[in-house]
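Single-structure report; data block below.
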Amino acid sequence: LALPRRKGSHAFATKLLEQISLSGLTGRGGGGFPTGRKIAGLPGGRRRPHLVINAMEGEPAAQKDSVLACFAPHLILDGAEVLATVIDAAAITVAVARDNPAAVDSLTRAVEERRAHGRPPLPISIEVPPGRYVAGEESALVQWVDGGPAMPTFRPTKPAKLVVKGRPTLVDNAETVAQIALIARHGAEWFAGVGTAGGQGTTLVTISGTVEEPGVFEVRLGTPVSEVLALARPRGPIAGVLLGGYGGTFIGPGGLDAPFSADGLRPLGSSVGAGVIVVLGSSTCGLTETARITRWMANESAGQCGPCVFGLPAVASDLELLASGQGNARTVRQLRTRLDEITGRGACAHPDGVVRMVRSALAVFTADLSEHAGGRRCAGASAASVLALPPNGGELEWR
């Protein structure tokens, strides 16, 4: 991409911000906030801002940013340079989890290739924070880049001001800036003309679980969920689908005709999120898999507040008791009470995400819940897990 020098960049920045806004592009990292509004809302000041590209992908079931980083690193860097020009950034930091060496190596080589050809017009650094689930949350990421631990900070209101070394800071996801690079090349009309049913453009999704061909796929927003799932060839009947990742929501078979877009999934209480889709087949116990996710998520806590330190392990224990067939109706009542007590009380959104996921599982896997609460483990309870859950039971690293 041909970018103007800083002295002549005002007209370019104005036009590109207008194109990004007209395109309808929303953040691909999970929040789904309109990208144009996010850019326009960056606080001004005497110091030029800092741009952080989030390629952390701490969600174990996600691979889209890793695929982009390994196979199209220059597309990410093109988008980063465009966005940096739009906001007149002083520097760009690309953050990749240190336990993802393939992505780190690919992006590092891409930056070196650009430097060898006289680019970039401003400094780009590749930084490698610890690969924790919550380390990719934007306040945690900014705190780490600024020299602190990779833990979320309490933000009573959003959007909140993010700062790196005294500079106002904008954080955007790797796929989001890759889409910005395409909009800069082809325009807003081209981008918006691809999606349907309440969603503009395409998005990358990672499909895993009970499927024949797990992987990363590019889909038009608004495509029915069932057609998106067909790309990975589900094995047998579907009992439930987790959308948005381990802090997302389950939907049942009755929701598979819904459009895969923010508007299409909203009536189901779900969202596109970070483009993570996990399919659970009828031979899998949804309750048991939910217990596994919840224990993993409890272990990923930053340990900064009671809902995470005490609440999430307690919820995981209740679910494990039910999954083992040793729970009863009292266990279910206790579980629901804990979920109510945790909601909205965390220092960050991590506990709320777990609560949302568990509540949706209880609504979708009612048959499994009924059997297990009655002391009868369902046939799928002893089946091997279909989840991507790396070990995380030891001491966690935050620097």
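Quick notes
- Reachable aspartates and glutamates from Lys15, criterion Cα separation under 18 angstrom, eight or more residues apart if same chain: Asp78, Glu81, Asp88, Glu189
- Whole-percent carbon and sulfur share, accessible surface of segment 1-129, 1.4 Å: 55 percent
- Cα gyration tensor shape for segment 214-267, rounded if a/c is under 1.5, else prolate or oblate: rounded
- Expressed per residue, the C-alpha convex hull volume of segment 307-381 stands at 76 Å³.
- Probe 1.4 Å, accessible area per residue of the chain, Å²: 42 Å²
- Taking every Cα-Cα distance in segment 100-204 and sorting them into 10 Å bins from zero, the calculated P(r) comes out as 12, 31, 35, 21, 1 percent.
- For segment 190-290, the alpha carbon positions stretch 43, 27, 21 Å along the principal axes, listed from largest to smallest.
- Around the Cα centre of segment 99-251, unit charges on the Cβ atoms of Lys, Arg, Asp and Glu (plus for the first two, minus for the last two) sum to a dipole of about 400 debye.
- Normalised convex hull volume, segment 344-396, alpha-carbon set, Å³ per residue: 149 Å³
- Tail fraction, Cα-Cα pairs, the chain, threshold 38 Å, whole percent: 20 percent
- Bridge orientation summary for the chain: considering DSSP beta bridges with both residues in this region, about 50 percent are antiparallel.
- When Rg and the Kirkwood Rh are both derived from Cα coordinates, the Rg/Rh ratio for segment 67-111 amounts to 1.00.
- Counting every C-alpha pair in segment 226-356, the share spaced more than 21 angstrom apart comes to 45%.
- Selected from Asn328, Gly375, Leu3, residue furthest toward positive end of dipole (the chain; charges at beta carbon): Leu3
- Helix-only mean residue ellipticity at 222 nm for the chain, each DSSP H run of n ≥ 4 adding -39500 (n - 2.57), per residue, nearest 500: -12000 deg cm²/dmol
- Percent of C-alpha pairs per 10 Å bin in segment 142-246, short distances first: 12, 29, 26, 26, 6, 0.
- Principal axis analysis of the Cα atoms in segment 289-344 yields extents of 32, 20, 13 Å, listed in decreasing size.
- J(HN,Hα) series, segment 118-123, from Karplus relation 6.51 cos²θ - 1.76 cosθ + 1.60, nearest Hz, glycine and proline x: x, 10, x, x, 8, x
- Sulfur and carbon atoms: percent of accessible area, segment 218-300 [1.4 Å]: 51 percent
- The aspartates and glutamates whose alpha-carbon is closer than 13 Å to the alpha-carbon of Lys64, local same-chain residues fewer than 8 away aside, are Glu175, Glu218.
- The Cα atoms of segment 1-125 give a gyration tensor whose axes a ≥ b ≥ c have a/c of 1.5 or more with a/b no greater than b/c, which makes the shape oblate.
- For segment 1-64, the fraction of alpha-carbon pairs lying more than 16 Å apart is 63 percent, rounded to a whole number.
The values are calculated or read from the model by the stated rules, or taken from the named source; none is laboratory data. As the structure is a computational prediction, the values presented were derived from the model and not from experiment. In this analysis, Cβ positions are derived from the backbone assuming ideal geometry, glycine residues included, and neighbour counts consider all displayed protein chains. Only protein heavy atoms, including side chains, enter the accessible area calculation; ligands, DNA and RNA are left aside. Shrake-Rupley method; radii C 1.70, N 1.55, O 1.52, S 1.80 Å.
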